[in-house]
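What follows draws every value from the coordinates through simple rules; no lab data is involved. Please read all numbers here as calculations on a predicted model, not as lab measurements. No Cβ is skipped: glycine too gets one built from the backbone with ideal geometry, and neighbour counts run over all protein chains shown.
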Amino acid sequence: MAKVSVRFFARYAELAGCSVSAVNLETPATVADVIERVREVFPGTQAMPPRPLAALNQRHVKLDATVHEGDEVALLPPFAGG
Amino acid sequence: MHLTRHPLAIADLLAEVQSPERGGTCVFLGTVRNDADITAIDYSAYEAMADEEIERILAEAHERWPDVRVILNHRLGVIPAGEASIAIVAAAPHRDAAFAACRHVIEEVKKRLPIWKKELRGDGSEQWVEAHDHR
């Protein structure tokens, strides 16, 4: 098992009802597995798109990136900076 | 730190990049538009990541245009219509590189920075902005 911290931002934080949490997963696991678990634990996040943008330890990653114990996955709504 | 909750200080940014050997300076400002009864935009960010990503964007620009000094500040929090949310200043020996680096940096910002905005309207309503790229 691995414990991965999860951060939600902007509209996704409203959907989740929180901005920081954690999930436990069987390993090996990917960012996509974290998202699947998040959708179970925070039903509001089922309104996120099927493949949301994600960052692993503050870097952009694809959803097949592997996660490890202690990692941080951030779920990011479409950007609107500038 | 490239993120601030205060009004952007353009003169300070200019002072940071300008020098006698740089004859062309390009300033890009993005300001909050008053479209559709918008009175202000509330900007939020994944601040640690956005700051790192800005560092990476500026480092890439420096690699591509070694003679250019470019700097970026992004404001967060509630920004009233008409005030600037982002300032990019690029100074180079000649104007072509200054324009190119400035343009490159704003386009990368739009693609890569984990920053979000919520429009605040005169009637009290609020709405998250999903990206739509009007250049």
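Estimated from the Cβ-Cβ distance and a Förster radius of 45 angstrom, the FRET efficiency linking A:SER19 and B:GLU107 is about 0.95.
Could you work out the relative contact order of region A:2-76, using alpha carbon pairs under 8 angstrom and six or more residues apart, expressed as a whole percent? Don't jump to the answer; show the numbers that get you there.
Details: 141 pairs, mean separation 32.5, N = 75.
Across region A:2-76, relative contact order equals 43 percent.
Under the combined filter of DSSP loop state and at most 10 neighbouring Cβ atoms within 10 Å, region B:13-104 retains these GluC sites (Glu not before Pro): B:GLU21. The string of couplings for region A:51-68 from the Karplus curve (6.51, -1.76, 1.60, θ = phi - 60°) is 10, x, 5, 9, 10, 10, 6, 6, 10, 4, 9, 7, 6, 8, 5, 7, 10, 10 Hz, one whole number per residue in order, with x for Gly and Pro.
Divide, for chain B, the radius of gyration over alpha carbons by 2.2 N^0.38 Å, where N is the residue count. Mind showing how you got there, number by number?
On the way: Rg = 15.4 Å, N = 135, 2.2 N^0.38 = 14.2 Å.
Cα-based Rg divided by the globular estimate yields 1.09.
The loop-placed trypsin sites (Lys or Arg not before Pro) in region B:1-65, going by DSSP, that have at most 16 neighbouring Cβ atoms within 10 Å of their Cβ come out as B:ARG5, B:ARG33. For B:LEU8, the residues whose modelled amide H falls within less than 5 Å of its own, excluding neighbours fewer than 5 places apart on the same chain, are B:ALA84. Sorted into 10 angstrom bins from 0, the C-alpha pair distances of the protein assembly as shown split as 8, 30, 30, 21, 9, 1 percent.
Across peptide A:69-81, the mean count of Cβ atoms from other chains lying within 10 Å of each residue's own Cβ comes to 6. Put a dot 7 Å past the Cα of A:GLN58, heading toward its Cβ, do the same for B:THR39, and the two dots end up 3.6 nm apart. What is the spin-label model distance, in nm, from B:GLN127 to A:GLU69 if the labels are put 7 Å beyond Cα along the C-beta direction? About 4.8 nm separates the two model spin labels. When both region B:49-81 and region B:16-31 are represented by their alpha-carbon centers, they are found 14 Å apart.
Think of the protein assembly as shown as a dipole: +1 on every Lys or Arg Cβ, -1 on every Asp or Glu Cβ, centred on the Cα centre; then among B:LEU120, A:HIS60, B:ALA90, B:ALA90 lies furthest on the positive end. Note: chain A, Cα convex hull, 82 Å³ per residue. Put in order of Cβ neighbour count within 10 Å, fewest first, the listed residues B:VAL109, B:VAL89 become B:VAL109, B:VAL89.
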